[in-house]
1. Can you tally the net charge around residue 119? Count Lys and Arg as +1, Asp and Glu as -1, for every other residue whose Cβ sits under 13 Å from the Cβ of residue 119.
2. Could you state the accessible area per residue of segment 29-141 in Å², with a 1.4 Å probe and every protein chain left in place?
3. If you count only protein heavy atoms and use a 1.4 Å probe, how large is the accessible surface of residue 128, to the nearest 10 Å²?
4. Rounded to the nearest 10 Å², what accessible area does residue 111 have for a 1.4 Å probe in the complete protein model?
5. Can you give me the orientation-averaged projected area of the convex hull built on the Cα atoms of segment 45-141, in nm²?
6. Nearest 20 debye, what's the magnitude of the dipole of the chain about its Cα centre given +1 on Lys and Arg Cβ and -1 on Asp and Glu Cβ?
7. In segment 60-74, which residues have a backbone nitrogen under 15 Å from the label point lying 7 Å from residue 36's Cα in the Cα-to-Cβ direction?
8. Share of the chain's accessible area from carbon and sulfur, percent, 1.4 Å?
Amino acid sequence: CHSSDPTTRTAGPQESDYKISYYDKETGELGEPGVWVSEPGKAKVEYASGDSYDGEFNDEKMKHGQGTYTWMGEENDDGERAVKATYTGSYADGKRCGVGKMTFPNGDVYEGEWVNDKANGYGVYNHVDGAIYEGQWIDDL
């Protein structure tokens, strides 16, 4: 799950502007929002795009451990946004890595192993039309 390419370890453009609130280690309550990842631990991040990440960060200030990333859709006529996609599971050095569940914009769901943000290893893909693929994956295929 580790990448030796340092360009893959930075936040994407959709993640460059955000607010972050750390969870208090004793009470579990969210603290006051800040404007950068300042330490390892569990936090909730809200990006300018409306997307969010609720999970753990490592010493290098990257998503690492368990977390949920939520992608939001465009605003509707009422100014509200609906969830477009979600990933809940393991992260390593800022990437989906380990076991996790991804719900795609069309309603399809993949649950299984991930390496470097791609389905790799054993997993089950449930298509919204009812079709199911269960087996080994290599780089999302």
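The values are calculated or read from the model by the stated rules, or taken from the named source; none is laboratory data. Values in this document were obtained by computation on a predicted structure and should not be read as measured data. Glycine gets a Cβ as well: all are built from the backbone with ideal geometry, and neighbour counts include every protein chain shown. Heads up: the accessible areas ignore ligands, DNA and RNA and are worked out on the full protein's heavy atoms, side chains in. Shrake-Rupley method; radii C 1.70, N 1.55, O 1.52, S 1.80 Å.
1. -3
2. 57 Å²
3. 100 Å²
4. Around 100 Å² of this residue is reachable by solvent.
5. With every direction weighted equally, the projected area is 6.8 nm².
6. Dipole of the chain, to the nearest 20 debye: 360 debye.
7. Residues 60-62 fall inside that zone.
8. Using a 1.4 Å probe with all protein chains present, the chain comes out at 49 percent carbon and sulfur.
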